[in-house]
Structures are given as structure tokens and as C-alpha cells.
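I have placed the structure first, in the form of C-alpha cells, so that the comments after it can refer back to it.
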Amino acid sequence: MGPDTAINFDYKKWQWHLMVYKLVSELNMKPEEVYKMNYLDALNWLSLFHEKDKYVEQMQRQQNLR
């Protein structure tokens, strides 16, 4: 059998790693530092980044319509 060419990404499988990756990249931290973060602080930061990303995407869509 050859490689699977279908693009399937199991988000649920990698959700924890994606959250840690986002905090590491956005806050310029090491994974060990993220693991030691207060859980509510981590969720607040992730919510902020999610809202910011949605806003930027919306602004880009509006610019592309012009």
C-alpha cells in the first residue's frame, strides 16, 4: 500500500499539543513553562488568541472583497 494521500487531520487527537504549541509560539515560552501555567490563565490566553485570529481573518476577508 502507498502513502495515504487523503488530508485527514484528527484535531481531537492533537488538541492538547496544539494548545501548548499556540501558547509556546504566541507567548515565547518553553513547553515546560506552559505546563506550569495556571489552567485558567492558559485558557484565557487561548481565548484571546482565538478571538484575535478570527478578527484578523474577518478583516482580511473584507479587504479581499474590495
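Values quoted throughout were computed directly from the atomic coordinates according to the rules given, and no laboratory measurement underlies them. Here the structure is a predicted model, which is why all the values come from computation and not from measurement. Glycine gets a Cβ as well: all are built from the backbone with ideal geometry, and neighbour counts include every protein chain shown.
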(message) What are the ³J(HN,Hα) couplings of the range 18-31, residue after residue, when phi is run through the Karplus curve with 6.51, -1.76, 1.60 and θ = phi - 60°? Round to Hz, x for glycine and proline.
(response) 5, 5, 5, 4, 4, 5, 4, 6, 7, 9, 6, 10, 8, x
(request) Work from the charge dipole of the chain (Cβ charges, +1 for Lys and Arg, -1 for Asp and Glu, about the Cα centre) and give the residue of N38, V24, F49 farthest towards its positive end. (result) F49
(request) Using a cut-off of 12 Å between beta-carbons, work out the net charge of the residues near Q58 (Lys and Arg +1, Asp and Glu -1, Q58 not included). (result) 0
(message) Considering all alpha-carbon pairs of the range 13-65, what whole percent are spaced by more than 14 angstrom?
(response) 58
(request) Please turn the phi angles of the range 50-64 into ³J(HN,Hα) values with the Karplus equation 6.51 cos²θ - 1.76 cosθ + 1.60 (θ = phi - 60°), one per residue in order, whole Hz, x for glycine and proline. (result) 5, 4, 4, 4, 5, 5, 4, 4, 5, 5, 5, 4, 5, 5, 5
(request) Work out, step by step, the length gained on full extension between M29 and N64: first 0.36 nm times the residue separation, then minus their alpha carbon distance; give nm to one decimal. (result) 9.2 nm
